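Student: Below is a structure I'd like to ask you about.
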Amino acid sequence: MSATGPGDGLGDAVRPGSGEVTATVIVNAPAARVFAAFLTWEKQGEWIPFTKVRVVEGDGGEGSLVEAVTALGPATLRDELRVVKINPPYEVRVVHCGKVLRGPGTMRCTPMSGDRTQVVLHEWFHLPAGPVGKLAWPVLWPGSKVSFTAALKKFGRLIEDGRLP
């Protein structure tokens, strides 16, 4: 992020953390449609389990602050992310800037033949709890990868079924 760009004020959250997760899915829809569905922030709760998403600052575009609250029973995780770059219909870059979840993330749409789109979601989280977090990551990573991939598959199905955007 540049010194004058939308990453201003995000501190260390703009740097990749050591917890890295990538998930990929192929969606049977054109990239522009897939991209538009992803940017429909409030509907992300339809494909991210136990999560409600809303734009709390801005219009959902560059510079906006988006909040995703995941609640499972009494446990609640609040994820704040700043939208730092939108390059339609190919890429969205965000920075998770909350107290627990911190680090950059990208979603890329790559057009393929037959009006298909490859979607790649890539996140680099700062791991909490210092050295303990780094030791726990190899145990937590497979669950994170499975969860991200399952969410993206549901995202793709909702687009293909015409329920998104």
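The values are calculated or read from the model by the stated rules, or taken from the named source; none is laboratory data. The structure presented is a predicted model; accordingly, all values stated were derived computationally and were not measured. A quick note on method: Cβ atoms are made from the backbone with ideal geometry, for glycine too, and the neighbour counts reach across all protein chains shown.
Student: If we keep just the residues of segment 115-152 that are over 14 Å from the mean Cα position of the chain (by Cα) and at pLDDT 95 or above, which is surrounded by the most Cβ atoms within 10 Å (Cβ to Cβ)? Steps first, answer last, please.
Tutor: Applying the first criterion (over 14 Å from the mean Cα position of the chain (by Cα)) to segment 115-152 yields 115-118, 126-143, 146.
Remaining after also requiring at pLDDT 95 or above: 115-118.
Working: 115: 12, 116: 16, 117: 24, 118: 15.
Filtering first and then ranking leaves 117.
Student: Evaluate segment 46-69: report whether one residue or more is in contact with a Leu (Cβ under 6 Å, 6 or more places away or on another chain), of a type in the set (A, V, I, L, M) and either surrounded by fewer than 19 Cβ atoms within 10 Å (Cβ to Cβ) or under 21 Å from residue 124 (Cα atoms) (or both).
Tutor: There is at least one residue in segment 46-69 that is in contact with a Leu (Cβ under 6 Å, 6 or more places away or on another chain), of a type in the set (A, V, I, L, M) and either surrounded by fewer than 19 Cβ atoms within 10 Å (Cβ to Cβ) or under 21 Å from residue 124 (Cα atoms) (or both).
Student: While we're on this one: Residue 22 is checked against (1) under 19 Å from residue 104 (Cβ atoms); (2) among the hydroxyl-bearing types (Ser, Thr, Tyr); (3) at pLDDT 95 or above and fails just one. What number does that condition carry?
Tutor: Against the list (1) under 19 Å from residue 104 (Cβ atoms); (2) among the hydroxyl-bearing types (Ser, Thr, Tyr); (3) at pLDDT 95 or above, residue 22 comes up short only on (3).
Student: Go through 157, 163 for me and flag whichever is in a loop (DSSP other than H, G, I, E, B), surrounded by fewer than 16 Cβ atoms within 10 Å (Cβ to Cβ) and modelled with pLDDT of 90 or more. Lay out the reasoning, then the answer.
Tutor: Values: 157 fails: in a loop (DSSP other than H, G, I, E, B).
Of 157, 163, the one residue that is in a loop (DSSP other than H, G, I, E, B), surrounded by fewer than 16 Cβ atoms within 10 Å (Cβ to Cβ) and modelled with pLDDT of 90 or more is 163.
Student: Also, I was wondering about something else. Which pairs have Cβ atoms under 7 Å, sit 6 or more apart or on different chains, and link a residue in segment 43-63 that is part of a strand (DSSP E or B) to one that is among the small types (Gly, Ala, Ser) and surrounded by 16 or more Cβ atoms within 10 Å (Cβ to Cβ)?
Tutor: From segment 43-63, the pairs are 51/45; 51/68; 52/45; 53/45; 53/68; 55/64; 57/64.
Student: I'd like the residue in segment 70-91 that is out of contact with any Lys or Arg (no Cβ under 7 Å at 6 or more places or on another chain) and of a type in the set (A, V, I, L, M, F, W, C) and, out of all such residues, is surrounded by the fewest Cβ atoms within 10 Å (Cβ to Cβ).
Tutor: Applying the first criterion (out of contact with any Lys or Arg (no Cβ under 7 Å at 6 or more places or on another chain)) to segment 70-91 yields 70-83, 86-89.
Filter again for of a type in the set (A, V, I, L, M, F, W, C), leaving 71-72, 75, 77, 81, 83, 86.
Details: 71: 12, 72: 10, 75: 8, 77: 14, 81: 23, 83: 23, 86: 19.
Across segment 70-91, the extreme among qualifying residues is 75.
Student: Which residues, counting only those in segment 13-39, are part of a helix (DSSP H, G or I) and over 11 Å from residue 152 (Cβ atoms)?
Tutor: The first filter runs over segment 13-39 and keeps only residues part of a helix (DSSP H, G or I), leaving 13-14, 31-38.
Result: 13, 14, 31, 32, 33, 35, 36, 37.
Yes/no per residue for (1) among the β-branched types (Val, Ile, Thr); (2) in contact with a His (Cβ under 7 Å, 6 or more places away or on another chain):
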{"site": "9", "(1), (2)": "no, no"}
{"site": "24", "(1), (2)": "yes, no"}
{"site": "36", "(1), (2)": "no, no"}
{"site": "65", "(1), (2)": "no, no"}
{"site": "79", "(1), (2)": "no, yes"}
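Student: Can you pull out every residue in segment 68-99 that is at pLDDT below 95, out of contact with any Phe, Trp or Tyr (no Cβ under 7 Å at 6 or more places or on another chain) and more than 16 Å from residue 57 (Cβ to Cβ)?
Tutor: 73, 74, 75, 76, 77, 99
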